[in-house]
Amino acid sequence: MSRVGIVLGGGGITGAAFHFGSMLALRAATGWDPNESEVIVGTSSGAFAAAMIRGGRLDIETLVGDANNRAEVAARLSGYIYRRTAPTGVARWVRRGLIPGIRNPNLELTLGSPALNTTDGIAEWVAEMLGPLADMWPERATVIVGFDLELRERVPFGTEAAPPAPLKDAVAASAAVPFIFQPVKIQGRWYADGGLASGTSADLVLASPEPLDLLIVVAPLAAEEGRLGPRFIDSMFDNAGRAALDAELALISHEWPHTDIIVLRPGPRVLAAARPNPLSVKAAVPSFLRTLMSMRDELAKPETWDVLEKHLGVGVNP
């Protein structure tokens, strides 16, 4: 069996829906379980999806629970994701984000910013879905990417380069989008969304002891085709996401020239549901359904299906 790795990039709530739709479609088409992958790297919403894969909860119930309609699904998701809190940490933000950001303006200006929401609900969601595993770490290689506010660098939880942390806390930290969520404290240090360093951090798979035969990258914020009438913010995030991912894939191809790489990105049909606000709970179900439909065509492309058949075996041709 080929050695397969998965990279799940950031992308908000609709990004998580894209991850679930993509991975479920892949499993249905090939019969291959993503949990069999040698390594999974997850960032932000991809961190949540990575945890669910490792915990055997890659299923529709994880997203919808016992909800009966879209409104109930949105209410369920909102209850976990948007837990209101009193904004705190102004001094932390001024010291670690605002002042350095004024001197050298960039996205890091947002580091440590106060916010109206906490990621405690996301940690609780992970705990409810995974049980005891939420307080431990998966046996198979799993990397959850956060961002250290003090060091101003990415931190790959689940590796020797990061402090030990419960899976639920690492996922909560990785998903802490500045200004939307308060940062998360782990062992005395503050962490925020791993997407501040890169939307994908695909190059982290190079820490694998042996080269992978196949790398599957799911990149919700690196679309190549925009939706009809996109806003400037769409293009900005996608351009940055593509640039970072392209550099990471070039490095991987240089180090592992024989590794096949498949990148799954949202097309215009998915983006029409997922944008302009990827943090919208109301857009989760439409994004998930459109992903399932689009993946049938995407996985059936000869250049994609031939690679999947080569490494994952023969399942049900999409």
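Taking amide H as placed 1.01 Å from N in the peptide plane, the amide H of residue 146 sits under 5 Å from that of 155, 157, each at least 5 places away or on another chain. Between the Cα long axis of helix 120-130 and the first principal axis of the chain there is an angle of about 30°, rounded to the nearest 10. Only one of [x] 15.6; [y] 38.1; [z] 18.0 was calculated from the structure for mean projected area of the Cα convex hull in nm², and its label is [x].
Any chance you could give the angle, 0 to 90 degrees and rounded to 10, that helix 302-312 forms with the longest Cα principal axis of the chain? For helix 302-312, the angle is close to 90 degrees. By DSSP, the beta bridges lying fully in the chain are antiparallel in about 40 percent of cases. A straight Cα-to-Cα reach below 30 Å connects residue 168 with the lysines 185, 282, residues fewer than 8 places away in its own chain not being considered. Ranking 304, 85 by solvent-accessible area of protein heavy atoms (1.4 Å probe, all protein chains present), from largest to smallest, gives 85, 304. What's the angle, to the nearest 10 degrees (0 to 90), between helix 232-255's Cα axis and the longest principal axis of the chain? It is inclined by approximately 60 degrees.
Under 1.5 on a/c is rounded, so check that first for the range 179-318, then, if it is not, pick prolate when a/b is larger than b/c and oblate when it is not; a ≥ b ≥ c are the square roots of the alpha carbon gyration tensor eigenvalues. Note, shape of the range 179-318 comes out oblate.
With every protein chain in place and a 1.4 angstrom probe, the accessible-area ranking of 269, 275, largest first, reads 269, 275. Computed with every protein chain present, the accessible area of residue 296 is close to 150 Å² [probe 1.4 Å]. For the pair residue 243 and residue 128, label points projected 7 Å from Cα toward Cβ lie 4.0 nm apart. Largest to smallest in accessible area, the residues 185, 168 fall in the order 185, 168 (1.4 Å probe, all protein chains included). Solvent exposure of residue 72, expressed as accessible area, is near 80 Å², computed with a probe of 1.4 Å over the protein chains only. The phi torsions of the range 179-196, fed into the Karplus equation with coefficients 6.51, -1.76 and 1.60 and a -60° offset, translate into couplings of 6, 9, 10, 5, x, 10, 8, 10, 6, x, 10, 9, 10, 10, 3, x, x, 5 Hz, rounded to whole numbers, with Gly and Pro shown as x.
The values are calculated or read from the model by the stated rules, or taken from the named source; none is laboratory data. As the structure is a computational prediction, the values presented were derived from the model and not from experiment. Note: ideal-geometry Cβ built from the backbone for every residue, glycine included; neighbour counts use all protein chains shown. The protein model used for the area step is the full one, side chains on, heavy atoms only, and it has no ligands, DNA or RNA in it. Shrake-Rupley method; radii C 1.70, N 1.55, O 1.52, S 1.80 Å.
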